[in-house]
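The structure appears right after this line, and notes come after that.
The values are calculated or read from the model by the stated rules, or taken from the named source; none is laboratory data. It should be emphasised that the depicted structure is a prediction, and the values quoted were computed from it without experimental measurement. We place every Cβ from the backbone using ideal geometry, glycine too, and count neighbours over all the protein chains shown.
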Amino acid sequence: MLNNSDIRTITDTRNEKIGRKIRDNELKRIPFMLIVGEKEQAEGVVSLRIQGEGDKGQMTPAEFAAFVADRVAKETEPINN
């Protein structure tokens, strides 16, 4: 669903604990991490972590796609002097 929204994704399927995966991927400076555990999967949501800001709570994948689109639009809008 996210790839169809032009959001490039990478899935970490290593057999490691979630804390280790988060720590390793924070060191890679990945801007957004979506954590999907059993609880999130059952509820149909993802937990969002933003590089340098930490945990931002839960949202649906569609809400995340809209969040990223809004953030990209703000970052790419021209500066008016």
Item to check | Selected residue (criterion: nearest to Leu2 (Cα to Cα)) from residues of the range 29-43 that are free of Cβ contacts under 8 Å to residues at least 12 places away in the same chain and more than 14 Å from the chain's Cα centre (by Cα) | outcome: Gln41
Item to check | Selection count, the range 1-35, where residues are surrounded by 14 or more Cβ atoms within 10 Å (Cβ to Cβ) and not acidic (Asp, Glu) | outcome: 11
Next on the checklist: Show the residue pairs meeting these rules: Cβ distance below 9 Å; 6+ apart or different chains; first residue within the range 50-74 and without any contact (Cβ under 8 Å) to a residue 40 or more places away in the chain; second residue among the hydroxyl-bearing types (Ser, Thr, Tyr).
Outcome noted: Asp55/Ser47; Lys56/Ser47; Gly57/Ser47; Gln58/Ser47; Met59/Ser47; Ala66/Ser5
Item to check | Filter result (over 16 Å from Ile7 (Cα atoms) and loosely packed, with under 12 Cβ neighbours inside 10 Å) within the range 44-73 | outcome: Gly44, Gly52, Glu53, Gly54, Gly57
Checklist outcome for this item: Only one of Ala66, Ala73 is among the hydrophobic types (A, V, I, L, M, F, W, C) and modelled with pLDDT under 90, namely Ala73
